[in-house]
Amino acid sequence: MKTHLHVIPWIRAVISSGLAATSASAAFPTLKLEPVALQQFHSPTNIVPAPDGSGRVFITDQAGKIHILQNGMILPVTFLDVTAKMITLTTSSSERGLLGLAFHPGFADPGSPGYRKFYLNYIAPSVANMNQSTPQNSITVISEFQASATQPNIADPLSERLVLTFGQPQSNHNGGQLDFGSDGLLYIAAGDGGSANDNNEGHTGGTNATLKPAGALGNGQDRRTLLGKILRIDPLDPDGAGPLTYSVPVGNPFVGQTQDFADNTLDGPMRGEIYAYGLRNPWRFSFDKRPGGTNRLFCADVGQGKVEEVNLITPGGNYGWRYREGAFDFAPEMLAAGVAPAGSTDPIAQYAHVGVTIGSPALPKIGPSVTGGYVYRGAAIPSLQGKYLFGDYESPGRIMGLEETSPGGGTFALTETVPFASGNPINLKILTFGEDAAGEIHVGTKITAGVLALSNGLPAGGLYRVVPGDYQTPPYQAWRATYFPSLLIGQYLDPEGDSDGDGIGNQIEYAYGFSPLAANPPAATGFTASRDGADFTITFRRDPAATDLAYQLETSPDLVTWTTVATSSGGSAATGQNGGTVISDAAFPGQAAFRLVTLRESIPGETGARRFTRLRTIR
């Protein structure tokens, strides 16, 4: 909470800002996308709340930077920039870059080995002798960083510790999601390595020949490789000295097991890091781990040419790729070739690409690239509780929903088009979903396809919050847009700044109902104080339209101990307390839209002592 000072002759007046709490039926209620931050980053890939009670939300930009959203604005400082460590990106489309961010569950606990630690998943240039990829286009890097011990909004760029790396044979299908489960372990989404059909060089049994072998196992089904999997590890340094960089949980399903196929050239030790397999490009996954949740892992897997799917991931689960796409045969000849896959788990939801007819009854034709979302566990939209929101990347992006038809049964009904007040499809590319600290769902979007491509000369990324369909834009945001139309939504406006040079900070201008671009004389504030023996009379101006503010008038004999003597919140009239009596809360002279509050405080015996007062506003 920041404190702002507004000094009058014998009184010290303080205004400080803070966060206010935000407060089917048809299967899904009508929703709305409220802009939070537009065109301030290129391609948002993660939206992650800090697990420290600060209310901060961290947004990763695929281009390499991590931004912080606080009090509804993107802070001017960059939390971390790993651009120099990554593969070079351009204005063209790419699935590489900064793809994952997860805070250790002990991030805010000084007694935890995970204190101040967070983890990134990014794609770096290829290096010699990296395993699991021949050829090698680039490498996946899972790294540990630490936030600064003295500056919480800055990470220490020199704190990087490599946790896990593995090669990528082609440039696409990198997966990229990171998250900690309720078990305190780190889950990692790894795509099948790229190209198409999981059947090229660097894909088990594949070749770059025009005529590819029909029976190629592919990476998704080969449990000797990390590609095409959900991985689970403990990322903390096991011995603090190396060479070990992470631990494989003993409860992982394939620890100590050997792969055994009819084609014995495919036999060998399985990777213990594997939690689930048979995935093509698990771009986004999420746990339903908030209060009231089931702790299940939802994962959207991007399909090849016909089917997009959402899966419930279970330990040891096989999700079928490459012999199945969704619940349909893709390469059944793998059986005849002696590559006998284990039985696979059907998706909980699937849909077809536009122009593709498949299934009986036929799947709905929606789009070519699923973007995984979240089960809603917030408080602002009660009728959305327990429902899963997700989308399709392709413009115009569509937001869809899943509702469990029997709680805990794993059977879901697909809502092809969730109703939105402003329309759905939303006419934007949907890159990612995320949550804030309160569990409210956010959507990361993009106007253009290329990572660094611009829109009207500005970055093309956007961040929106899912709100009720009748949601009204908060007064402060509307005030800011009125006086600073050149500021894009969410751009930082220093509350302590003084845009018009009149000695009144921007946040205080809002609290008084002033224009921050026109100098206001001291008398315009209405802030006065007088004494008549033991009686103190104080006046202050307030704006009843500022319904997102709570005013608190406080007094003190020593600037150390403060007593609240009057309050006003949500635009309501002021009330006195703790010895304060509101004499009037009337129209401000000559400006009926605003109010002038007059309060009297009686302090027996204080006929000559100094007394200080301050006006706090909490937003």
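Listing for the model above:
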{"item": "Residues listed by number, the range 241-272, amide nitrogen under 19 Å from residue 134 label point at 7 Å toward C-beta", "result": "264-271"}
{"item": "Added length on full extension, which subtracts the Cα-Cα distance from 0.36 nm per residue, residue 602 to residue 406", "result": "64.3 nm"}
{"item": "Pairs of Cα atoms farther than 16 Å apart, the range 181-242, %", "result": "54"}
{"item": "When the chain is reduced to its Cα atoms, the Kirkwood hydrodynamic radius in Å", "result": "26.7"}
{"item": "Estimated FRET transfer efficiency (residue 261, residue 201; beta-carbon r; R0 25 Å; 0.05)", "result": "0.75"}
{"item": "Potential lengthening between residue 149 and residue 295 on full extension [0.36 nm per residue; Cα-Cα distance subtracted]", "result": "49.4 nm"}
{"item": "Inter-site label distance for residue 209 and residue 528 at 7 Å from Cα along Cβ, in nm", "result": "9.5"}
{"item": "Rg over Rh, two decimals, the range 527-619 (C-alpha only, Kirkwood Rh)", "result": "0.98"}
{"item": "Separation between Cα centres of the range 308-325 and the range 151-190, rounded to whole Å", "result": "22"}
{"item": "Simple spin-label estimate for residue 54 and residue 486 in nanometres, 7 Å along Cα-Cβ", "result": "3.0"}
{"item": "Protein accessible area in the chain, 1.4 Å probe - carbon and sulfur %", "result": "53"}
{"item": "Stretchable slack from residue 109 to residue 592, in nm (0.36 nm times residue separation minus alpha-carbon distance)", "result": "168.8 nm"}
{"item": "Cross-link partners of residue 289 among lysines (Cα-Cα below 18 Å; sequence separation of 8 or more within a chain)", "result": "387"}
{"item": "Accessible area in square angstrom per residue, the range 95-228, 1.4 angstrom probe", "result": "33"}
{"item": "For the chain, calculated [θ]222 nm from helices alone, where every DSSP H run of n ≥ 4 adds -39500 (n - 2.57)", "result": "-1000 deg cm²/dmol"}
{"item": "Solvent-accessible area per residue, Å², over the range 247-360 with all protein chains present [probe radius 1.4 Å]", "result": "38"}
{"item": "Estimated inter-spin distance, residue 333 and residue 472, nm [label 7 Å along Cα→Cβ]", "result": "6.5"}
{"item": "Equivalent ellipsoid, the range 436-584 (semi-axes from 5 times Cα gyration tensor eigenvalues, Å)", "result": "39, 19, 13"}
{"item": "Cβ-Cβ FRET estimate between residue 340 and residue 314, R0 fixed at 22 Å, reported to 0.05", "result": "0.55"}
{"item": "Pairwise FRET efficiency - residue 182 versus residue 354, Cβ, R0 = 45 Å, nearest 0.05", "result": "0.75"}
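The values are calculated or read from the model by the stated rules, or taken from the named source; none is laboratory data. This is a predicted model, so every value here is computed, not measured. Cβ atoms come from the backbone with ideal geometry, glycine included; neighbour counts cover every protein chain shown. Surface areas here come from the heavy atoms of the whole protein model, side chains and all, with no ligands, DNA or RNA. Shrake-Rupley method; radii C 1.70, N 1.55, O 1.52, S 1.80 Å.
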